[in-house]
Amino acid sequence: MSAHGKNRLMEAVRKVVLLQQVPDAEMLADSSAFQRFGLSGGSLSFLPDIVAFSKHHNTLFFIHADPSAAIDKPRFQELERWSSAATCHVAVVAAFASRRAYATSAVELPAKTYIWFADEPKHFLFISGSPQASAEFLSARFAAK
C-alpha cells in the first residue's frame with residue numbers, strides 16, 4: 001500500500017469506522033496517556049498506527065491501518081505482553097479499505113484480531129482461532145454492562 005493509500009485508510013478509520021464501531025472513542029496521542037491504564041515503559045515503536053480508548057467498553061483499541069505490513073503473530077504477542085498489566089480490556093484491530101482488499105492481501109492475521117473495513121464501517125470480522133476463543137469473545141461482547 002502506498003503512503004497516500006495508508007493515509008487515506010487511517011483517515012477513514014479515524015473519521016468513519018471508529019465512530020461507527022466505538023462512538024465514544026478517545027484518541028491517545030502520547031505515551032503518558034497509557035499510564036492511566038497501568039501501562040508504561042520503554043520504546044513504544046511496536047504500537048500500531050492508531051490507539052483509542054472507549055470508556056463505555058473499558059477497552060483500549062490498537063488499530064493497525066497498513067495491510068502491507070499487517071500485525072503478525074510476533075508483533076501481536078509483543079502487544080499482548082506489553083498490555084498484560086492493563087487495567088482495561090485490549091482489542092487488536094487490523095483495518096482494510098474493503099473486504100476485497102483483505103481477501104487479496106494474503107495476510108495471515110493472528111487469532112483474537114478484529115478486522116474493520118473502511119467501506120463497511122458498521123461491520124467487522126473477528127478471528128477467533130478456536131471455539132474457546134469464540135465463546136470468550138461472544139460472552140465478553142454480550143455481557144451485561
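FYI, it's all coordinate maths here, none of it is from the lab. This structure is a prediction, so every number in the text was calculated from the model and none was measured. For neighbour counting, all protein chains shown are included, and Cβ atoms are generated from backbone atoms with ideal geometry for every residue, glycine included.
So here's what we get for this one:
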item	result
Taking 49, 72, 30 and counting other C-beta atoms within 10 Å, the order from fewest to most	30, 72, 49
Segment residue 24-residue 78, length gained on full extension (0.36 nm per residue, minus Cα span)	16.8 nm
Filtered trypsin sites (Lys or Arg not before Pro), region 46-103: DSSP coil and at most 11 other beta carbons within 10 Å	55
Pair residue 119, residue 11: separation of 7 Å Cα→Cβ label points (nm)	1.8
